[in-house]
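The structure is given below, and queries will be raised subsequently.
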Amino acid sequence: MVPTKNKNLKSLVFIIAVLVILNGIGSQFFHRFDLTQDKRYTLSPTSLSILKEVKEPLIVDVFLKGQFPGEFKKLQTETQQLLEEFKAYNKSITFQFVNPIENEEERDTIIQSFMERGLTPVNVTVEDKGKQTQEVVFPWAIATYNGRSVKVPLLKNLMGASTAEKVVSSVQHLEYAFANAFNTVSKNKEKKVAIIKGNGELHDLLMADFIKQVRENYYIGTFTLDSVAKKPNESLSYLKKYDLAVIAKPTEKFSDEEKLALDQFVINGGKTLWLVDQVNIEMDSLYNDAGATLAYPFDLNLNDLFFKYGVRINPTIIKDVMAAPIALATGEQGSATQYTQYPWFYSPLVYPSSTNPIVSNVDALKFQFVNSIDTLKNGIKKTVLLQSSPYSKAVGTPVEVSLNMVTDRPEQSAFKNTGNIPIAVLLEGQFHSVYENRVLPFNEKTFKSIGKNNKMIVVSDGDIIRNQLDKNFQPLELGYDKWTNKLYGNKEFMMNCVNYLLDDNGLINIRSKAVNLPLLDKEKVYTNYTVSQVITVGLPIVILGIFGLAFTYIRRRKYAK
C-alpha cells in the first residue's frame, strides 16, 4: 500500500507541476478564439491599433438596460459582447449598462435632456402572439476619455426596414461605431479641412451640421479663393497646408488662377470633395404663382479640370421613379389647409449598391436636381459610389420644371435601358495637371504636372450637404426633411467621404465587415407555437431524464455484483 501511495503522490505532484508550468507559459501569450462563422468577435487590426493608444481609463455608458423586445435584447447582447472583447485587449476600457428612464418621476425630464444632447429615443412597437407592446429605447452610448466625450449611435436608421432588420444592420456597424468613437476621444486632431469659399458656395448655416460633425475629428476652417487674384503664390502655399478641400455647390465661375490653385493642391496630395451642380434650379424657385421655373445649364469653368481628372458632369437633371416625396399644401387656405405628400421625380431616392466602405450599409440618400456623370478613360481608377435606379433617365436642359408633375404617373417603358446613371464617383490614382503643357495663369515656381497617388470624390449635387433650418433658423440634422419627417443617409455618406479621404489608419474599412445574424421566422413560430415549445423546452428535459435513468441503471448493474 505504501508504494502505491508514494506512486499516486508522485503523479499528483507531477500533474500539479505540469499545470503550473503550462499556466506560466500561457500567461505569457494572449489569444482569443472566435468560433463564429463570420468572425463576428474578431477585432480588426485597425481597432487593435486604436486600443493600444488608450493609456488612461476610457469609460463607456450604454443606455440599453431594461426590459426590451426581443430584437433589442439581441442588440444589447451583441453590444455587451463586443465591449467585453475591447476590454479583453485593454483593461483601461470599462463599460456599464444604464437605464436612463428607470425613475418614473424624472422620466420626462431625462428624455428631454437626452434629446437636447442629440440622443434621440426610439419608440418600438413589437407584436408578440397578437399582442402589441411599446417601449422607449435609447440606442446610444457615451464614450468618455480624459474629460472628452462622444456619442456612439447603436441603432442605424433604415427606411422601410423592420426592427429586426435594423438591428442586424446595426450589429454589423457596431465595431466601426465604437472604434471611431475611441479614436475620436483618444487621439488629438491632426488633419485640416478647408471649406472653399469665393464662388457662391453654400452658406455655412446651410451646412452647419456637417461642419459640426467634422469638427469632432479634424480642424476645419474657411479658405476664400478671392485672395488668389491678388496674391496667387501665397494663397496656394497657404492652401497646401490643408489636407482636404470641400467645394460645396459653387454658383459662380472659377477663374484660371483659382483653378490652378486647386489643381496644384490636388497634384501635391491634397484631397478634394467636389459637390458640384451643372444646372441652375432650386426648389424655392418653384414656389411661385405659376408653380414652375426654368432649369438651365450654367458654366463654372471647371469642365476642362474634371475632364483631365477623368469625369464629366453633364448639364442634365435626372428624373427617377424611385423618388423622395415632397409635401404640398392642398385644400382651402387658412385653417382648412392640408399638406399631402407626393413623389417628386426630380428628387431621386438612391439606395447604395456598391460594396465600397464609403457606402456600405448606408441608408437611402436624398438628392435634388442631381446631374449625370460620365467616366472617361485616363488611367485613373474610378469607382461609382452612387447611381440612380434602373427606372430613371437624364433630362436635357434647358427645360421647364413644374410642380404639376406630381400628378404624373410615368410608364416604366419610358425608362427602359436609361437608368443606373452615375451620380457620385471616387477617383484614385496619379493625377495629371489640367495645365500640363499649357501656359500658366500665374508664375508658379513649384508647379508640378504630375502628382503622387491621390484620391478625390465627385458628386453631381451640391444639395447633398445641405441641412434644413427650423422655424428659428437653427440648423437641423443633415439628411432630415422637416416637411416629411424622414431621415435620410446623407450625413453618414458625407462623413464617410471625409473619413475615407483622410483616413490613414484604415478605420473606414471596418465598415466592410459582414455579420450574419440569422433571424427567426415569426410567422412559423406563431403557427407552430406548441411544437416550438416542446422542442425548445420539453425535449432537453426528456433527454436529461433519459440520461439520468440510464446512468442510474448502469450504476446499479455495476455495483449489484
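Which one is nearest to K448 (Cα to Cα) among residues in segment 242-298 that are surrounded by fewer than 18 Cβ atoms within 10 Å (Cβ to Cβ) and among the aromatic types (F, W, Y)?
Top of the filtered list is F298.
Looking at (1) part of a loop (DSSP other than H, G, I, E, B); (2) among the polar types (S, T, N, Q); (3) surrounded by 22 or more Cβ atoms within 10 Å (Cβ to Cβ), which is the only condition Q172 fails?
(1)
Oh, and also: Looking at S413, is it among the hydroxyl-bearing types (S, T, Y), in contact with a Ser or Thr (Cβ under 9 Å, 6 or more places away or on another chain) and at pLDDT below 95?
no
Which condition number does F431 fail, the rest of (1) open to solvent by 20 Å² or more (accessible area, probe 1.4 Å); (2) touching a residue at least 40 places away in the same chain (Cβ under 8 Å) being met?
(1)
Can you name the number of the only condition in (1) in contact with a Gly (Cβ under 9 Å, 6 or more places away or on another chain); (2) touching a residue at least 12 places away in the same chain (Cβ under 8 Å) that Q338 fails?
Against the list (1) in contact with a Gly (Cβ under 9 Å, 6 or more places away or on another chain); (2) touching a residue at least 12 places away in the same chain (Cβ under 8 Å), Q338 comes up short only on (2).
Take the residues in segment 387-419 that are surrounded by fewer than 18 Cβ atoms within 10 Å (Cβ to Cβ) and within 25 Å of T355 (Cβ to Cβ), then tell me which one is farthest from the chain's Cα centre (by Cα).
This residue is N417.
Which residues, taken from segment 214-233, are open to solvent by less than 50 Å² (accessible area, probe 1.4 Å) and within 28 Å of the chain's Cα centre (by Cα)?
If the condition is that a residue be open to solvent by less than 50 Å² (accessible area, probe 1.4 Å) and within 28 Å of the chain's Cα centre (by Cα), then V214, N217, Y218, I220, G221, F223 are the ones that fit.
Looking only at segment 227-246, which residues are touching a strand residue (DSSP E or B) at 6+ places or on another chain (Cβ under 6 Å) and either farther than 13 Å from K259 by Cβ or among the charged types (D, E, K, R) (or both)?
Answer for segment 227-246, where residues must be touching a strand residue (DSSP E or B) at 6+ places or on another chain (Cβ under 6 Å) and either farther than 13 Å from K259 by Cβ or among the charged types (D, E, K, R) (or both): Y242, D243, L244, V246.
The values are calculated or read from the model by the stated rules, or taken from the named source; none is laboratory data. Owing to the predicted nature of the structure, the values given are computational and were not obtained by experimental measurement. Cβ coordinates were reconstructed from backbone atoms using ideal geometry, including for glycine residues, and neighbour counts include every protein chain displayed. Keep in mind that these areas ignore ligands, DNA and RNA; they rest on the heavy atoms of the full protein, side chains included. Shrake-Rupley method; radii C 1.70, N 1.55, O 1.52, S 1.80 Å.
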